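Notes follow the structure.
The values are calculated or read from the model by the stated rules, or taken from the named source; none is laboratory data. As the structure is a computational prediction, the values presented were derived from the model and not from experiment. Cβ sites come from the backbone with ideal geometry, for glycine too, and all protein chains shown count toward neighbours. Heavy atoms of the whole protein, side chains included, go into the accessibility calculation; ligands, DNA and RNA do not. Shrake-Rupley method; radii C 1.70, N 1.55, O 1.52, S 1.80 Å.
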Amino acid sequence: MPDWSGEIRRRLAPLSLEPTREADIVEELSQHLDDRYRELLARGLAADAATRAALAELSDEELTGALRGIERPAPAPAPAPGAPRTRRWSGQFLQDLRFGVRMLRTRPGFTAVAMLTLALGIGANTAIFSTVNGVLLKPLPYPESQNLVTFWGTAPEKRLPVVNYPDAMFVFFHQHTRVLESVAAYSGGGVSLSGEGDPERVPATAVSTDFFSVMRQVPVAGRGFVADEGTSGKSNVVVVSHALWRRRFGGDRNLVGKSILLGGQPTVVVGIMAPGFDFPERSELWVPLVLDPESVNNWYLSTVGRLKPGRTVEDAHREVAAMSDEFMLSRPARFPDAKPGGGRAVVQPVLQSLVGDARTPLLVLLGAVGLVLLIASANIGNLLLARALARNREMALRCCLGASTGRIAAQLLTESLVLAVLGGAVGLLLGALGVGLIRGLQVGPVPRLAEVRLDPLAQLFALGITLTAGLFFGMAPAIRASRVNPLVGLQGGARGGRSGGARRLSHGFVVAQFALSLILLIGAGLLLRSFRRTLEVDPGFRPENVVTARVQLPWPKYRSDTVVRVFQTRLLESVRTLPGVREVGLASRVPFSPGNPQQNLYVEDHPARSGEAIPVVNSRVVSPGYFEAIGTPILRGRGFLPSDNTNAPQVVVVDETLAQQYWPGADPLGKRIRVSTDSGTPWLAIVGVVPNVKHASLRERPNFELYRPFTQNPTWSSYVVMRSRSASEGLVPELRRRVAELDPTLPVSEVQTMEGAMAESLSLARLTNLLLTGFAGLALLLAVIGIYGVMSLDVNGRLSEFGVRLALGAAPRDVLRLVMRRGLLLALLGLGIGLAGAVWLTRFLGALLFEVSPVDPLIFLTVAGALTAAAVFACYLPARRATRADPITVLRRE
């Protein structure tokens, strides 16, 4: 038997081990080499060849790497008795940290793949969390903004989710509230600002005089409003925003006290607000709201209130509902159908109201990127398990050198955390890029995008998920490696480490990846199908080559109906002569423009029954030619004519929803309706029927719509609608010139193409679909890579088995079937779990879906089939390699 001790001592010399420990190791390794030497002799090798082969195992790449990587005990002397335990732990951690960095550097390919995978997951999570934080979580920039609430009425029986308040009702709330410390009313809109520079329409809001005190805002110059400025004749004052002061007036410090032209009327600037304040709806001007304490005719006021200390939103909800009941019951002549308990109210924190429909999509995206990070972590966990298997001999040697199982686990866990921190650093950079891209998006329904930042909270979140991911994918390999059997590890190397426990853990990662990927893919599929259904909706008009622009006539310059009619008639005639214009019309509201005037509806031959809710109808005022310009066909009867003037009978055009409701199967032409109970209000004869038009959203439910001719109902604010023969954007400069020829003080605002307006209404859905589809695609790729890696590792570990099977007469297709069956079982188990999870989770997508069920069978089956096909492809490649195993080569190697 050869003497191995000399060669072993030579190899161990760089470690500077204690003599006793070195003797133990020499004895252990000598025994191992003796066993290996006998085994090689039994296989027929000569004595010299067997000696060289046995010694070669001490110099192969894995064992040499292990010997070089082990930290010397000598340079880290044992702590003196009584030394602080934390100092000892910190020393061990620094050793593990240095070694972990070196081990990652020895395998740059593995490190790069794992780091990039993790960086994508962390970067996506950081960017989406920053958006959620900036939009949903970060408090509004107002003092004690958590106590600010807004409230409104609701009438679901009339299909009215939001009902604003009239003057008298707000005054009643203001006088009787006990839960709210203070309450203010406002009504948004716009006003033309002229004088120095070109005229422009500026977002303006009429507010009650205590508005700024409710918001606790103090102007940086001047003052807010005083009580008597909320009365008629004393309201010609204005407070301007800091942004408008800088942009329009050049930061003139003497602006307070000067007059500016608003709507053609001199108005005194009394204050300049602090930077950043633009509530509500990015207002740039605030004017006093003149209230009529007895008026209940116009339901137009929005409200904001501040809770008293100790009061909650629920308290405010109960009080507002009770006050609504009390107000209407005290006026039976005006509200004959009012009854106790009938008052409906919605009370929300102002932040929640501002966020609106953006909340659900953002939370869905945050959940989606969380699943992507879980899948990425599972993928890295599988990679680390395979790497721990390859380092099995190293771990065995560490045990022989006296390392405890805890030290081995700590070492591998430290390596995982180092990898996680590297991936987190790159992910933080990707997250910063993602935040920059998100801030630059023009997504209309998402407020506060400009406030999205990679702030300290987002950075702390990135650090938290980085460390959590590192622990998640590092724990299993660390525990697995700490349980290595030294004798088996030194004798069998990597093959000895592929235990049943390791296989089950690796397979569990694959099952989890497939389950999570299926959930993401089904969610993306449902949203995509819903979006397609939305695009298939008939909007009731043809948006191609249509451009709209708003022209608002200021009062009192245009105080009479006659003056308004003359201007609008001249404007139509002038625009109609523009080159390229096919049709032109005017409308008080166009599709996807803000606002939705509504009126009570009374049908002559369908009187309302006692106790029955009075229906409401959306009301528009349009000119002759409007339906042709917007592309809405006349289904029955006719549109409006120039002859429908004040000397002619009052006429109206209704939509088919209203016509079918009251005259199903009958001709509605000639029937009469009225939009007021006042006996002096004329009946309106129906002269035409048009399709239902989607005015607010392509997903809105059909509602009653009526159109009245502007010649009989002049309106001071109107939209010019132009249909051109080709691209319509070039008409805008000419439109501005024609308006300026008629009145140079009038601004042209809200210019947009109808195609652009429709696209903007779908921008949030389109962005949600794009991101979720991208996350689902990334998850699918990671799942396919995961099952491919596991099956490749299984095939490599069972090559001897496959060689024996082939040597004993098994056909290659039998081996192929054997490998494929194992891989597909894992995939199908993941699909089963994923389908159950998807059935439960997709119900949260209901608010985002349109005419699609959250458990749509087509989407579920299609996604499951696609994922199964991907699994078949991923399993086929390793299985094909297994069928090509050479039995003689495999058996000789064994």
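Looking at 640, 627, which one is under 46 Å from the mean Cα position of the chain (by Cα), within 30 Å of residue 546 (Cα to Cα) and not in a loop (DSSP other than H, G, I, E, B)?
Result of the check over 640, 627: 627.
Would you confirm whether any residue within the range 562-575 is assigned to a loop (DSSP other than H, G, I, E, B), among the charged types (D, E, K, R) and farther than 30 Å from residue 824 by Cβ?
No, every residue in the range 562-575 fails to be assigned to a loop (DSSP other than H, G, I, E, B), among the charged types (D, E, K, R) and farther than 30 Å from residue 824 by Cβ.
Could you tell me how many of the residues in the range 731-786 are under 30 Å from residue 375 (Cα atoms) and either touching a Phe, Trp or Tyr at 6+ places or on another chain (Cβ under 6 Å) or among the charged types (D, E, K, R) (or both)?
4
From the set of residues in the range 145-159 that are at pLDDT below 90 and assigned to a strand (DSSP E or B), which is most open to solvent (accessible area, probe 1.4 Å)? Break it down into steps so the answer makes sense when it comes.
Kept after step one, since they are at pLDDT below 90, are these residues of the range 145-159: 153-159.
From the residues that got through so far, the ones that are assigned to a strand (DSSP E or B) too are 153-155.
Values: 153: 6, 154: 36, 155: 13 Å².
The qualifying residue most open to solvent (accessible area, probe 1.4 Å) is 154.
I'm told residue 162 meets every condition in (1) among the hydrophobic types (A, V, I, L, M, F, W, C); (2) more than 19 Å from residue 288 (Cα to Cα); (3) open to solvent by less than 20 Å² (accessible area, probe 1.4 Å) except one. Can you identify the failing condition by its number?
(3)
Of the numbered conditions (1) open to solvent by 30 Å² or more (accessible area, probe 1.4 Å); (2) at pLDDT 90 or above; (3) over 22 Å from the mean Cα position of the chain (by Cα), residue 402 satisfies every one except a single condition; which is it?
(2)
Out of everything in the range 820-854 that is in contact (Cβ under 8 Å) with a residue 24 or more places away in the chain and either on the phi > 0 side of the Ramachandran plot or polar (S, T, N, Q) (or both), what residue ends up being most open to solvent (accessible area, probe 1.4 Å)?
Selected residue: 851.
Out of all the residues in the range 219-236, is one or more aromatic (Phe, Trp, Tyr) and not in a helix (DSSP H, G or I)? Don't jump to the end; show me each part of the working.
Within the range 219-236, the first condition is being aromatic (Phe, Trp, Tyr), and the residues that meet it are 225.
Narrowing further to those that are not in a helix (DSSP H, G or I): 225.
So far as the range 219-236 goes, yes, one or more of its residues are aromatic (Phe, Trp, Tyr) and not in a helix (DSSP H, G or I).
All but one of (1) at pLDDT 90 or above; (2) in a helix (DSSP H, G or I) hold for residue 142; state the number of the condition that does not hold.
Looking at each condition in turn, residue 142 falls short on (2).
Within the range 37-56, is there a residue that is at pLDDT below 75, surrounded by fewer than 16 Cβ atoms within 10 Å (Cβ to Cβ) and in contact with a helix residue (DSSP H, G or I) (Cβ under 6 Å, 6 or more places away or on another chain)?
No.
Of the residues that make up the range 221-237, is at least one under 37 Å from the mean Cα position of the chain (by Cα) and open to solvent by 10 Å² or more (accessible area, probe 1.4 Å)?
Checking the range 221-237: not a single residue is under 37 Å from the mean Cα position of the chain (by Cα) and open to solvent by 10 Å² or more (accessible area, probe 1.4 Å).
Residue by residue, here is whether (1) farther than 29 Å from residue 200 by Cα; (2) open to solvent by 30 Å² or more (accessible area, probe 1.4 Å) holds:
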site: 528; (1), (2): yes, yes
site: 534; (1), (2): yes, no
site: 559; (1), (2): no, yes
site: 562; (1), (2): no, yes
site: 567; (1), (2): no, no
site: 583; (1), (2): no, yes
site: 586; (1), (2): no, no
site: 592; (1), (2): no, yes
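Here is a check on your reading of the model: is residue 454 modelled with pLDDT of 90 or more and under 13 Å from residue 128 (Cα atoms)?
For residue 454, the condition - modelled with pLDDT of 90 or more and under 13 Å from residue 128 (Cα atoms) - is met.
How about the range 576-616: which of its residues are part of a helix (DSSP H, G or I) and over 23 Å from residue 711 (Cα atoms)?
Scanning the range 576-616 gives no hits.
Out of 648, 696, which single residue is part of a loop (DSSP other than H, G, I, E, B), small (Gly, Ala, Ser) and closer than 30 Å to residue 263 by Cα? Spell out the reasoning first.
Working: 648 fails: closer than 30 Å to residue 263 by Cα.
Step by step, each of 648, 696 is checked, and only 696 is part of a loop (DSSP other than H, G, I, E, B), small (Gly, Ala, Ser) and closer than 30 Å to residue 263 by Cα.
Those residues that are part of a strand (DSSP E or B), buried (at least 20 other Cβ atoms within 10 Å of the Cβ) and at pLDDT below 95, I need them from the range 239-266; list them, please.
Filtering the range 239-266 for residues part of a strand (DSSP E or B) gives 239-240, 259-262, 265-266.
In the following step, the residues that additionally are buried (at least 20 other Cβ atoms within 10 Å of the Cβ) were identified as 239-240, 262.
Result: 262, single match.
For the condition touching a helix residue (DSSP H, G or I) at 6+ places or on another chain (Cβ under 7 Å), over 17 Å from residue 606 (Cα atoms) and outside any loop (DSSP other than H, G, I, E, B), what is the one hit in 653, 689?
689
Among the residues of the range 750-759, write down those that are among the hydrophobic types (A, V, I, L, M, F, W, C) and open to solvent by 20 Å² or more (accessible area, probe 1.4 Å). Before you say what the answer is, go through the steps one by one.
Let us first name the residues in the range 750-759 that are among the hydrophobic types (A, V, I, L, M, F, W, C), namely 751, 754, 757-759.
Those that are among the hydrophobic types (A, V, I, L, M, F, W, C) and open to solvent by 20 Å² or more (accessible area, probe 1.4 Å): 751, 758, 759.
For (1) more than 38 Å from the chain's Cα centre (by Cα); (2) under 24 Å from residue 441 (Cα atoms), each residue gets a yes or a no:
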residue: 719; (1), (2): no, no
residue: 737; (1), (2): yes, no
residue: 746; (1), (2): yes, no
residue: 749; (1), (2): no, yes
residue: 752; (1), (2): no, yes
residue: 762; (1), (2): no, yes
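Here is a list of conditions, (1) modelled with pLDDT under 90; (2) basic (Lys, Arg); (3) open to solvent by less than 40 Å² (accessible area, probe 1.4 Å), and residue 738 meets all of them except one; can you say which number that is?
Condition (1) is where residue 738 drops out.
Per-residue answers, yes or no, for (1) assigned to a helix (DSSP H, G or I); (2) among the aliphatic types (A, V, I, L, M); (3) crowded, with 17+ Cβ neighbours inside 10 Å; (4) in contact (Cβ under 8 Å) with a residue 24 or more places away in the chain:
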{"position": "316", "(1), (2), (3), (4)": "yes, yes, yes, yes"}
{"position": "319", "(1), (2), (3), (4)": "yes, no, yes, yes"}
{"position": "331", "(1), (2), (3), (4)": "no, no, no, yes"}
{"position": "338", "(1), (2), (3), (4)": "no, yes, yes, no"}
{"position": "348", "(1), (2), (3), (4)": "no, no, yes, yes"}
{"position": "356", "(1), (2), (3), (4)": "yes, no, no, yes"}
{"position": "371", "(1), (2), (3), (4)": "yes, yes, yes, yes"}
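How about the range 760-802: which of its residues are of a type in the set (A, V, I, L, M, F, W, C), over 30 Å from residue 882 (Cα atoms) and either modelled with pLDDT of 90 or more or open to solvent by less than 40 Å² (accessible area, probe 1.4 Å) (or both)?
Answer for the range 760-802, where residues must be of a type in the set (A, V, I, L, M, F, W, C), over 30 Å from residue 882 (Cα atoms) and either modelled with pLDDT of 90 or more or open to solvent by less than 40 Å² (accessible area, probe 1.4 Å) (or both): 762, 764, 765, 772, 775, 776.
Hey, among 504, 480, 529, 542, which residue is modelled with pLDDT of 90 or more and in a helix (DSSP H, G or I)?
Just one listed residue meets the conditions, 529.
For residue 635, are the conditions met, namely being under 24 Å from residue 538 (Cα atoms) and open to solvent by 70 Å² or more (accessible area, probe 1.4 Å)?
Values: under 24 Å from residue 538 (Cα atoms): yes; open to solvent by 70 Å² or more (accessible area, probe 1.4 Å): yes.
Yes.
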